[in-house]
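Below is one structure; the comments refer to it alone.
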Amino acid sequence: MIEIENLTKTYTTKYGTVTGVDQVSLTVEEGEIFGIVGYSGAGKSSLIRCINLLERPTSGAVRVGGSDLTNLSGEQLRKARLKIGMIFQHFHLISQKTVYDNIAFALRAAGTPPKKIRERVDALLEMVGLADKRNVFPGQLSGGQKQRVGIARALANDPTVLLCDEATSALDPNTTLSILQLLKDINRKLNITIILITHEMNVVKEICDRMAVMQDGRVIEEGAVYDVFASPETELTREFISSVVSFDVPEPVLASVSGTLIRVLFRGNAAGEGIISDMLQHYGVKGNFLHGAIEYIQEKPLGIFVMELAGQPAEVTDALRYLENRQATVEVMKYGR
Amino acid sequence: MGVEWGRIVELWPDIQQAFFETLIMISISFGVAFLVGLPLGILLFATERGLFWENRFAKSVLGFIANMIRSIPFIILLVALIPLTNLIVGTTIGPYAASVSLSVAAIPFFARLVETSFREIDKGIIEAATAVGATPMMIIKDVLLPEAKPSLIQGITLTLISLIAYSAMAGVVGGGGIGDLAIRFGYYRYDNTIMIVTVLILIVLVQVIQQAGDWTSKIIDKR
Ligand SMILES: Nc1ncnc2c1ncn2[C@@H]1O[C@H](COP(=O)(O)OP(=O)(O)OP(=O)(O)O)[C@@H](O)[C@H]1O
Ligand SMILES: [Mg+2]
């Protein structure tokens, strides 16, 4: 659906050239929700803005639904944009126009006949749950409501793609969840491909199918959200994950542990606790749980346990091998004394 | 120095006439400034880097012309434009003649104010409109103008008030109007009464326009 190939974006400023995006290649499949995370300045906005050419790539190609947008003329590009919705962190609604007119604006851009516009705006308002705010000005809406108007405007012309630039970053946690839920519904019902950039990992965990992590303009890690959570490959990704799923054991506790400290990960439906108790029964080791949680990512459970194993070194080794045989991922954090 | 009521009554027809002439000068020159200056302001803004009509050449040429006219002292412009005035109006005295130089001066003045008003708009709003696939004309009509409206009204107010000041200067070359009256009677003939009356009229006019502008700008702002 969206193919980004060797995309580079550099900015020329008074102080020299700044690289926003550095040789990024990504493919986003039709109908998926793709999350891009990274810290401030990582190049997320630059990348997403190159997709609808709000920012013209310095080099590389961006194909949406097969056609390379960088080759389009002004008017062709404008037409192509009708099919690529976008929502923003600060909503960017026309403050002097009503909710109705803000959405109608998008439809008029597509040359929709006036009679159709009314029907369509009302249907969109219904969909985002703002039917009662039809004739209100954006200044009278809450952040979440403004973003709903933004979403209605972005979806007005039945786009195939929805780009979300930090769409929930200005919202409180509850409102964030309700907007994410709305995005998920839209994705499922209308089969719209969504690219979402954020610096909040819980947003990704909540609704994304696949994800990429960006740092210094590059994509440093990419994969299914579940896999990335289960086995992050880079330090940065691990850092992001730990903001949502914390397996950190406080330093004093760590110091007081004398046995072997392990982190065990069970993917999917493997019944983690059952397997651990089997292990404790079969081998001469004592187990002491320091941390345990089952996270649901994409509705699939991911069991994570941090425990101390005490016993003869040989027994501990056997116990660990047993866990691995039962499909667990075991990481020894610290060997026993 | 005192106000002689008799003088006011005596010269009342002249005062009325002068007031009327001032209104003519301001209306014509503001009308022209609005009709030409607004599109010019839009062009000055939209030819900027990163905007829909980005064009460095057009931007610098328009900007240069606007700056040039604005840097000429009005009194010199008034004299320099005498041939043009003669060509357009057929005479170089009276309020219609004065309106030519006033218009020329007011066009770039208003255009720059328009440009500044647009610049105050959050770039993100224009960007969102671009992302939605809006045409440049739609962006002008449905984003720039509505978003800048409160600020544009302030710009109109400022232009009108400046025109009142300039129109008083037009009296020097026989433009007519309140300023002309002030100069003819008050300045040349040391007629304090007329001097005070005309100044009072100008003060009231400026106050009324400023108040009306502030009020309108506030009323129409939906933020
Ligand atoms: N218009 C611009 N002009 C110059 N440099 C820019 C411009 N836009 C972005 N950059 C630079 O490009 C780099 C990437 O910025 P970008 O906005 O894409 O980061 P981001 O990941 O979206 O960050 P944030 O989370 O703060 O929004 C930064 O170093 C930034 O300074
Ligand atoms: Mg950003």
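Just a few scattered comments:
- D_trans [Stokes-Einstein, Kirkwood Rh over alpha-carbon pairs] for the protein assembly as shown, 4 °C, 1.567 mPa s, µm² s⁻¹: 45
- Rounded to whole numbers, the Karplus 3J(HN,Hα) couplings from phi for segment A:51-64 are 6, 9, 6, 5, 10, 7, x, 6, 7, x, 10, 10, 10, 10 Hz, using 6.51 cos²θ - 1.76 cosθ + 1.60 with θ = phi - 60°, and x at Gly and Pro.
- With DNA, RNA and ligands ignored, accessible area of A:K116 (1.4 Å probe; Å², nearest 10): 120
- Of the solvent-accessible surface of segment A:251-334, computed with a 1.4 Å probe and all protein chains present, 49% belongs to carbon and sulfur.
- What the pair-distance distribution of segment B:90-183 shows, using all Cα-Cα distances binned every 10 Å from zero, is 16, 33, 22, 17, 10, 2 percent.
- Cα shape, segment A:229-300, gyration tensor, a/c 1.5 rule: oblate
- Estimated D of segment A:2-242 in µm² per second, where Rh is the Kirkwood radius over Cα pairs and Stokes-Einstein applies at 25 °C, 0.890 mPa s: 133
- For segment A:251-334: rounded, prolate or oblate by the Cα gyration tensor [a/c cutoff 1.5]: oblate
- Using the 1.4 Å probe convention, the accessible area of the protein assembly as shown works out to 47 Å² per residue with neighbouring protein chains retained.
- Counts of other chain beta carbons within 10 angstrom of each beta carbon in peptide A:62-71 average 0.
- Applying both filters, DSSP loop and at most 13 other Cβ atoms within 10 Å, to the trypsin sites (Lys or Arg not before Pro) of segment B:26-65 gives B:R49.
- In terms of distances greater than 23 angstrom between alpha carbons, the cross-link table entries A:K184/A:K205; A:K184/B:K222; A:K146/A:K300 yield A:K184/B:K222; A:K146/A:K300.
- Under a 5 Å amide H cut-off, with hydrogens placed 1.01 Å from N, A:R218 pairs with A:D22 among residues at least 5 apart or on other chains.
- Inter-site label distance for A:A314 and A:R134 at 7 Å from Cα along Cβ, in nm: 8.1
- A straight chain from A:A61 to A:D172 at 0.36 nm per residue would run longer than the Cα-Cα distance by 36.3 nm.
- Atom-type composition of the exposed protein surface of segment B:25-177 places 70 percent of the accessible area on carbon and sulfur (1.4 angstrom probe).
- The simple Förster model, with R0 at 35 Å and r as the Cβ-Cβ distance, assigns B:R70 and A:L190 a FRET efficiency of 0.05.
- Using θ = phi - 60° and Karplus 6.51 cos²θ - 1.76 cosθ + 1.60, couplings along segment B:154-160 (whole Hz; Gly, Pro as x): 4, x, 5, 4, 4, 5, 4
- Listed peptides B:194-200, B:136-142, A:31-37 appear in the order A:31-37, B:194-200, B:136-142 once ranked by packing, highest mean of other Cβ atoms within 10 Å at the front.
- Minimum 30 Å² accessible area buried by the other protein chains, segment B:195-223 residues, probe 1.4 Å, relative to alone: B:K222, B:R223
- Segment B:47-118 and segment A:98-142 have Cα centres lying 41 Å from one another.
- At R0 = 25 Å, FRET efficiency that the Cβ-Cβ distance of A:Y335 and A:V244 yields, to 0.05: 0.30
- Taking amide H atoms as placed 1.01 Å from N in the peptide plane, the amide H of A:L54 has no partner under 5 Å among residues 5 or more positions away or on other chains.
- Projected area averaged over orientations for segment B:25-177, convex hull of C-alpha atoms, nm²: 9.0
- Nearest-0.05 FRET efficiency for B:T91 and B:I203, computed from C-beta distance (R0 35 Å): 0.70
- Between chain A and chain B, the total buried accessible area stands at approximately 2000 Å², from heavy atoms with a 1.4 Å probe.
- For segment A:324-333, putting each phi into the Karplus relation 6.51 cos²θ - 1.76 cosθ + 1.60 with θ = phi - 60° gives couplings of 5, 5, 8, 6, 8, 9, 10, 10, 8, 8 Hz, in residue order, rounded to whole numbers and with x for Gly and Pro.
- Under 5 Å from the amide H of A:I36 lie the amide H atoms of A:L196, A:I197, A:T198, A:A212, each residue being 5 or more positions distant or on a separate chain, with H modelled from the backbone and absent for Pro and chain starts.
- Note on segment A:1-136: Lys pairs 8 or more places apart or on different chains, Cα atoms under 27 Å apart, count 18.
- Placing a pseudo-label 7 Å from each Cα along the Cα-to-Cβ vector at B:D221 and A:I220 gives an inter-label distance of 4.5 nm.
The values are calculated or read from the model by the stated rules, or taken from the named source; none is laboratory data. None of these values were measured; they are calculated from a predicted model. With ideal geometry, Cβ positions are generated from the backbone for all residues, glycine too; neighbour counts draw on all protein chains shown. Surface areas here come from the heavy atoms of the whole protein model, side chains and all, with no ligands, DNA or RNA. Shrake-Rupley method; radii C 1.70, N 1.55, O 1.52, S 1.80 Å.
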